[in-house]
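Presented below is the structure to which this report refers.
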Amino acid sequence: MPSVVNERVVQLYPLSNYTFGTKEPQYEKDASVAARFQRMRDEYASIGMRKTVEGVLLVHEHNLPHVLLLQLGTSFFKLPGVEVAPGEDEVECLKTCLSETLGRQGDTIHWGVDEMICNWWRPNYEPPQYPYIPPHVTKPKEHRRLFLVRLPERAMFAVPRNYKLVAAPLFELYDNSNGYGPVISALPQNLSRFSYVYA
């Protein structure tokens with residue numbers, strides 16, 4: 001009897017297929033978390049809820065999926081992503097962000113952005129986020145969408161000097177919100193619906 005569920009198969013290439021250089025530092029728009037929330041508050045009246053898109057880049061080491069994360073300092077990790085301006089296409093916005101963050105000047109990397117993994121919502125101007133809109137919240141302040149990014153078989157990344165690009169295995173992220181925050185630590189569950197083929 002044929003399966004009624006179509007399982008999505010994702011091809012992963014080894015981390016050793018990719019080379020890493022450096023480029024000029026890139027700085028956040030906001031100098032602190034408090035400044036970020038203040039800007040969100042200031043912009044809410046004119047543009048409404050902030051929309052953010054982030055990319056989940058997967059490689060493998062020893063047939064174990066790893067997520068490429070940007071590390072700032074010793075303990076802050078983030079996915080490459082960007083705020084989406086009103087009227088901007090989310091996928092094109094993310095591709096541009098990935099090229100600006102990790103691409104080399106004059107080199108075009110084909111970013112295969114075609115599948116949304118999950119949604120996260122920020123109910124107010126504070127750190128907590130949820131994978132659903134709490135029932136008492138009618139006007140969330142931020143909507144984050146995470147997309148799976150299929151990498152080419154080989155590429156050279158140029159990492160801003162103030163960041164490190166680290167490959168974190170899924171088992172290290174799992175249930176580790178203290179180390180990676182709720183969004184990144186939930187990736188193993190969100191990615192479990194895919195099957196992986198290791199090149």
Note on the chain, DSSP bridge orientation, antiparallel percent to nearest 5 equals 55
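What is the gain in length, in nm to one decimal, between GLU100 and ALA34 on full extension, counting 0.36 nm per residue of separation less the C-alpha to C-alpha distance?
Numbers: separation 66, 0.36 × 66 = 23.76 nm, distance 2.55 nm.
Result: 21.2 nm gained on full extension.
Please list the equivalent ellipsoid semi-axes of segment 109-149, computed as the square roots of five times the alpha-carbon gyration tensor eigenvalues, in descending order and whole angstrom.
Details: eigenvalues 136, 20, 10 Å².
They are 26, 10, 7 Å, listed from largest to smallest.
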Once label points are set 7 Å from the Cα along Cα→Cβ at both ALA85 and ARG193, what is their separation, rounded to one decimal in nm?
-> 3.2
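Under the classification rounded if a/c is under 1.5, otherwise prolate if a/b is larger than b/c and oblate if not, where does segment 18-73 fall, given a ≥ b ≥ c as square roots of the Cα gyration tensor eigenvalues?
Numbers: a/c = 3.21, a/b = 2.00, b/c = 1.61.
It is prolate, given that a/c is not under 1.5 and a/b is the larger ratio.
Find how much the distance from LEU170 to ILE47 grows on full extension, using 0.36 nm per residue of separation minus their present alpha carbon separation; answer in nm with one decimal. Mind showing how you got there, number by number?
Details: separation 123, 0.36 × 123 = 44.28 nm, distance 3.57 nm.
Gain on extension, LEU170 to ILE47, equals 40.7 nm.
Need one number for segment 36-137: average projected area of the convex hull over its C-alpha atoms, nm². Let's see the in-between values first.
Details: hull surface 37.2 nm².
Here the figure is 9.3 nm², rounded to one decimal.
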Give the Rg/Rh ratio for segment 101-199, taking Rg as the radius of gyration of the Cα atoms and Rh as the Kirkwood radius, to two decimals.
-> 1.01
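Roll a 1.4 Å probe over the protein chains and send me the accessible area per residue for the chain in Å².
Working: 11060 Å² over 199 residues.
Value returned for the chain: 56 Å² of accessible area per residue.
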Hey, if we sort THR138, THR52, THR22 by accessible area with the 1.4 Å probe, largest down, what's the order?
-> THR138, THR22, THR52
Grab the beta carbon distance between ILE109 and ASN6, set R0 = 22 Å, and tell me the FRET efficiency rounded to 0.05.
-> 0.20
How big is the convex hull of the Cα atoms of the chain, per residue, in Å³?
-> 156
With every protein chain in place, the chain: carbon and sulfur % of accessible area (1.4 Å) | 52
Using just the helices of the chain, give the 222 nm mean residue ellipticity in deg cm²/dmol: DSSP H runs with n ≥ 4 each add -39,500 (n - 2.57), and the total is spread over all residues, rounded to 500.
-> -6500 deg cm²/dmol
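The values are calculated or read from the model by the stated rules, or taken from the named source; none is laboratory data. Fair warning: this is a prediction, and the values are worked out from it, not measured in the lab. Heads up, the Cβs are rebuilt from the backbone with ideal geometry, glycines too, and the neighbour counts pull from every protein chain shown. Each accessible area value is taken on the protein alone, full model and side chains, heavy atoms only, with ligands, DNA and RNA left out. Shrake-Rupley method; radii C 1.70, N 1.55, O 1.52, S 1.80 Å.
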